[in-house]
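Report on one structure; see the data block that follows.
The values are calculated or read from the model by the stated rules, or taken from the named source; none is laboratory data. Owing to the predicted nature of the structure, the values given are computational and were not obtained by experimental measurement. With ideal geometry, Cβ positions are generated from the backbone for all residues, glycine too; neighbour counts draw on all protein chains shown.
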Amino acid sequence: MNYERAYTNIILRAKKRDEADAEDTYIENHPRHPVEAASKTQTGRTHSEATKSKMSKAHKGKKLSDDHKAKLSKALSGSNHPNYGKKLSDEHKAKLSKAKTGANHPNAKTADVYCCKTDKLITEGVVLSVWAKENGYNWGHLSSTARADRGEPNTETNRHQHKGVYARYV
């Protein structure tokens, strides 16, 4: 039985009879009231790893419709966003910054760098963005050589080399 629908119908009937206050109190305190029933189902419990795995598999590959995405966006934007109006402390900002520096930086992919003419390994296992900056190369161009498909022609969007070197992500 859909308790939420039943609850709504009872309240509407009660309001029509002008007994809403007494009926509302009775329904809200009823053990099968939808809010009460839902709040007690998982209180103090955790899902087993097997159940978590099943739930994860059930949601993998689900595509949200554009309409649903728009509704989610509207529901979580502006003052409805959980972080709306909150400011990060300077201490917290420093922790976030520290956590994303060096090898933990999103651009800190390790790569091997090769000479384009001889295919000889120049250096291996370096953070490409750091190596490029230290050695006078454009990191964006060097990164595109690491993503290039060697089976395709050497074009602006599919670069095979940059200033005589190319990279391969490890």
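Among the residues of the stretch 131-170, what is the count of those that are surrounded by 15 or more Cβ atoms within 10 Å (Cβ to Cβ) and either charged (D, E, K, R) or modelled with pLDDT under 80 (or both)?
8
If L121 meets every condition in (1) over 20 Å from T145 (Cα atoms); (2) in contact with an Asp or Glu (Cβ under 7 Å, 6 or more places away or on another chain) apart from one, which number is that one?
The failed condition is (1).
Does any residue in the stretch 119-138 that is under 18 Å from N107 (Cβ atoms) come within less than 6 Å, Cβ to Cβ, of a residue that is outside any strand (DSSP E or B) and at pLDDT 85 or above six or more places away or on a different chain, and which pairs are these?
none
Of all residues in the stretch 90-130, how many are closer than 15 Å to Q161 by Cβ and either at pLDDT 90 or above or hydrophobic (A, V, I, L, M, F, W, C) (or both)?
7
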